[in-house]
Structure formats: structure tokens, C-alpha cells
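Just below is one structure, and these are the notes that go with it.
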Amino acid sequence: MHRETIGNPLSWSAQKLAGIGRSAGAAVDGIGSHEMTLPGVRQIGLADIRAALRKGVQDFAALRTDVITAVALYPVIGFVLAAWAFNAGQVHLLFPLAAGFPLVGPVAAIGLYEMSRRRERGEDTNWGAVLATLRGRVLGPVLTLGCLLAVIFAFWVIAAHAIWAATLGPEPYDSLRVFLRDTVTTSAGWTMILAGFGVGFVFAAGVLCVSLVSFPMLIDRPVGVPVALATSLAVARRNPGTTALWGLIVAVALLLGTIPLFAGLIVVLPILGHATWHLYRRAVV
């Protein structure tokens, strides 16, 4: 007969460390791709975007309490960044922070992808089941890709600061009203706007291409970061018009979500997150 016993503290600690070691090993091992064959990608269009958004709304309606909990921290972080810009005399960074913060949005939607995947398969969507999946093999690649987006966000803020310093700066503004007045009534201000939009477009387009389907794919399949990134770029390359339209929809929706003190993101982000999962399912064979 098998008998369970309570080990001494040293043996218990050794077992726990061994379990942590196995999980860490799986996380690190999952970053790379043992299988380098890319899956096929489909041509998608406006009908696919509509279907993905419709299913995103349906997922949000079915999982409303759980998904709001999943993304509640996202608007709080945005509000904290905005408050820091005000209090630190960095009002010129308010718009770059608000516009660039969605660059790391795909990381916040990780749990949403898994919820949509489970709901699609008729599996349990509670938080315990979701978190149990988002570890081990999945954890390493997701963290790696998340760090990449965080670095891109940091470079965007640095670039935005440099553009401001070369135009309206380098003396800081104490008043948002004065800053907005100088922005729209001076040639230096319009130079800053045009340069900021141009550089920001490059950052946004890059993030859109690398994150279009990469995060959902890491959740769905045992692939590493290289294959996920290459597949996302392949989807964008085959569907440039659809990718651009999807990026525009995401940008407008996130902008509308940030207007009431970032509170609208509690609804906008879950719908976009669920819709991204369904767009991935339509785009990748």
C-alpha cells in the first residue's frame, strides 16, 4: 500500500527547488525553437476582421468579470505614468506615454488569449486553469517577447523626448496649457508634431508586425520566439492592407479608451485581446 508521509524540512525544500528548477528549465527551453518550420499563413481581409471583432465582443460578454480583472491594472499603470509626467515637470511626455503605452498592450492580453482559446475548445476558463497554462514552456517565450516590447517602448519615449528637446525644449514646461499653446501656435511645435508622428508610426508599425499573431501563437503552439516572430511577419507581409487596417482599428480604439482617464481601456483592451486571438486563428493554418 502506498503511504504518504510528511518529509523533513530539508527534503521538502529539495523537492520544491527541484520543481522550480524543472519549471525554470522548461521556461528557458521554450524560448528557442526546436522546430523551425513555419506554419502556413492565409490571406485575410475585412470580413475576417469583422468576424474577429464580433467573436471578441462575444468572448468579452461571456467572460466579463474575469477579463476585467485581467486588465484592470493596465489603465491604472497608464494613469500613474500620466500623473508622474505632470508632477515631474515632464508634460511634454504625456502624449508619447499615452500613445506609446499600447506598444506593450499585447503583454497585458496574454490571459485573454488563453481564455479565448479555452472557451473555443469548451474548456474551463477560470483563473486557476488559465494561470496553470501560462507557465513552464509558455512562460519563457512570453517573457522574452514582453521584454522586447518593453525595450521598444523605452526607446520610443527616449526618441519622443529627443524630438521635443530639439524643437520646443530643452527648458521644461510647468503648465500643460502653455505647452499645448506653443505646440499648435509655433513652427517648432508643428515640427515636433510631424516628427513625432513620423517616428511614432515607425515604432507602431514595427510592433504591429512582430506582435500581430506572435503572442497568441506562443500560447497555442509549442514553438519558440523565432518561429512566432517569423510567422507574425509572414502574416503581415502577405496581408499588408489588412494588417494596416487592423493597426488603425486598434489605434483608434485604444485612443478612445484612454480619453476618460484610461478607464475605457477596461472594456476596449479585452475586446481587442479576444479579437486578436480570433484573427490569429483565421490567419495561421
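Of note:
- Some residue of region 113-126 being in a loop (DSSP other than H, G, I, E, B) and of a type in the set (A, V, I, L, M): no
- Test for PHE197: is it hydrophobic (A, V, I, L, M, F, W, C), within 21 Å of the chain's Cα centre (by Cα) and within 25 Å of CYS147 (Cβ to Cβ): no
- Among the residues making up region 109-132, those that are over 18 Å from VAL213 (Cβ atoms) and of a type in the set (Val, Ile, Thr) are THR125, VAL130.
- The condition of being under 14 Å from the mean Cα position of the chain (by Cα), over 30 Å from VAL130 (Cβ atoms) and either open to solvent by 40 Å² or more (accessible area, probe 1.4 Å) or hydrophobic (A, V, I, L, M, F, W, C) (or both) holds for only one of ALA205, ALA188, that being ALA205.
- If you go through region 18-68 and keep only what is assigned to a helix (DSSP H, G or I), modelled with pLDDT of 55 or more and among the aliphatic types (A, V, I, L, M), you end up with LEU46, ALA47, ILE49, ALA51, ALA52, LEU53, VAL57, ALA61, ALA62, VAL67, ILE68.
- Among the residues examined, ALA251 qualifies as modelled with pLDDT under 90, under 15 Å from the mean Cα position of the chain (by Cα) and open to solvent by 50 Å² or more (accessible area, probe 1.4 Å).
- The listed residues are THR183, THR231, and the only one of them that is in a helix (DSSP H, G or I), open to solvent by less than 40 Å² (accessible area, probe 1.4 Å) and in contact with a Gly (Cβ under 6 Å, 6 or more places away or on another chain) turns out to be THR183.
- Scanning region 166-180 for residues that are in a helix (DSSP H, G or I) and open to solvent by less than 40 Å² (accessible area, probe 1.4 Å) gives THR167, VAL178, PHE179.
The values are calculated or read from the model by the stated rules, or taken from the named source; none is laboratory data. Remember, predicted model here, so these are calculated numbers, not experimental data. Neighbour counts are summed over all protein chains in view; Cβ atoms, including those assigned to glycine, are modelled from backbone coordinates with ideal geometry. The accessibility values were calculated without ligands, DNA or RNA, using every heavy atom of the protein model including side chains. Shrake-Rupley method; radii C 1.70, N 1.55, O 1.52, S 1.80 Å.
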